[in-house]
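The values are calculated or read from the model by the stated rules, or taken from the named source; none is laboratory data. This one's a predicted model, so the numbers in the text were calculated from it and none came from an experiment. Cβ coordinates were reconstructed from backbone atoms using ideal geometry, including for glycine residues, and neighbour counts include every protein chain displayed.
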Amino acid sequence: MHKGVIYALLAAILFGISTPFAKTMVADIAPVMLAGVLYLGSGLGLLLVFLLRAAMFRNRQDKFVAVTRVDLPWLAGAILTGGIAGPVLLMAGLTLTPASTTSLLLNMEGVLTALLAWFVFKENFDRRIFLGMLLIVVAGALLSWEQVPVLGVPWGALAIIAACLCWAIDNNLTRKVAASDALQIVGIKGLVAGSVNLGIALLSGHQLPQAYTLLSVGLIGFCGYGLSLVMFVLALRHLGAARTGAYFSSAPFVGTVVSLLLLSEQPGNMFWLAAFLMVAGIWLHLTENHEHEHAHEPLLHAHEHTHDSHHQHEHDPDWDGSEPHVHQHQHHPVRHKHPHYPDIHHQHTH
């Protein structure tokens, strides 16, 4: 299996598990406070991992690409949309929506990510990918419609879909900096977004939860928003935004299983129809094969790599031969054919 797919599925599993656990905290913590603690838990946990990694690899700085000044505008936009606005909207939606339904509605993040990637950032797609996304959209609409008789306007579903839109923007902006250190990108996002949301909560008069609850939510944030997003950034590097979003669409099904087991919810018939459509849509993406002759233009950049068919370049005489490694390198023009995704080396037109 392609390592980008593995990264995306690991991200999906970690995030999918976190949603129903976050749902159990909503009744006791205000949404903005919960969002702040989740992201701050993510940022602080990743800061510890970053420091441990720095100590372990203090003599191997060639393994990581630090975030640069050029990355900052893209990263700032990602933090504002995905780190601050998105979590608050999700927590608000959780207060009005069953966790199992929420988990499936979160598939809309993949759909909206793909739409932005295709029509704004010009990633390629074909009929199979489009059909898969269409099935997921229909499933999301069914889940929203199921709430109308109970709630009138489905504010919970709309808040969750708005959160998905924020994360879709975040995903496409993060795609621009995915060649840099994923741990640093996600750690900065967690620290900044968590501090902002926590500050807003405190200024609004909300109190910090008890220590046990604080630690529990922080741990959920570290796993579901920290480690998950690190895997997601690595997947963006190898798959592009649309494909990563598609594979990440498996996250809600993990969340649904946990919700049904943990919270003993009883979903209706519409839920199962929506679930069937979403499974079919995700299957279409998982079975995609994209191969054609394509040309690589000259490119100068830096990222972690091995000397595969795309990385045949000269090295300084003092290179110790270790792989994978990081350094700025030049890609020369080449034309060839092989299965590929729109990763950082395959952003050609079709």
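Assorted remarks:
- Close pairs (7 angstrom Cβ cut-off, 6 or more residues apart or separate chains): farther than 17 Å from V254 by Cβ in the stretch 1-28, of a type in the set (F, W, Y) anywhere: G4/Y341
- Any hit, the stretch 221-238, residues being over 27 Å from L47 (Cα atoms), in a helix (DSSP H, G or I) and either at pLDDT below 80 or not hydroxyl-bearing (S, T, Y) (or both): no
- Residue ID - farthest from I220 (Cα to Cα), chosen from residues in the stretch 243-276 that are modelled with pLDDT of 75 or more and surrounded by fewer than 15 Cβ atoms within 10 Å (Cβ to Cβ): N269
- Filtered residues of the stretch 214-261 (kept if among the polar types (S, T, N, Q) and either within 21 Å of Y7 (Cα to Cα) or touching a helix residue (DSSP H, G or I) at 6+ places or on another chain (Cβ under 7 Å) (or both)): S228, T244, S249, S250, T256, S259
- For first residues located in the stretch 306-324 and within 18 Å of K337 (Cα to Cα), partners that are at pLDDT below 70 and lie 6+ apart or on another chain with Cβ distances below 7 Å form the pairs H310/H345.
- Matching residues, the stretch 75-98, being more than 24 Å from A178 (Cβ to Cβ) and among the polar types (S, T, N, Q): T95, T97
- Matching residues in the stretch 6-58 - criterion: being of a type in the set (D, E, K, R) and at pLDDT below 85: K23, D28, R58
- The single condition among (1) surrounded by fewer than 17 Cβ atoms within 10 Å (Cβ to Cβ); (2) in contact with a helix residue (DSSP H, G or I) (Cβ under 8 Å, 6 or more places away or on another chain) that L203 does not satisfy is (2).
- Residues that are loosely packed, with under 13 Cβ neighbours inside 10 Å and small (G, A, S) within the stretch 20-79 comprise A27, A54, A55, A66, listed in sequence order.
- Verdict on L89 being buried (at least 19 other Cβ atoms within 10 Å of the Cβ) and hydrophobic (A, V, I, L, M, F, W, C): yes
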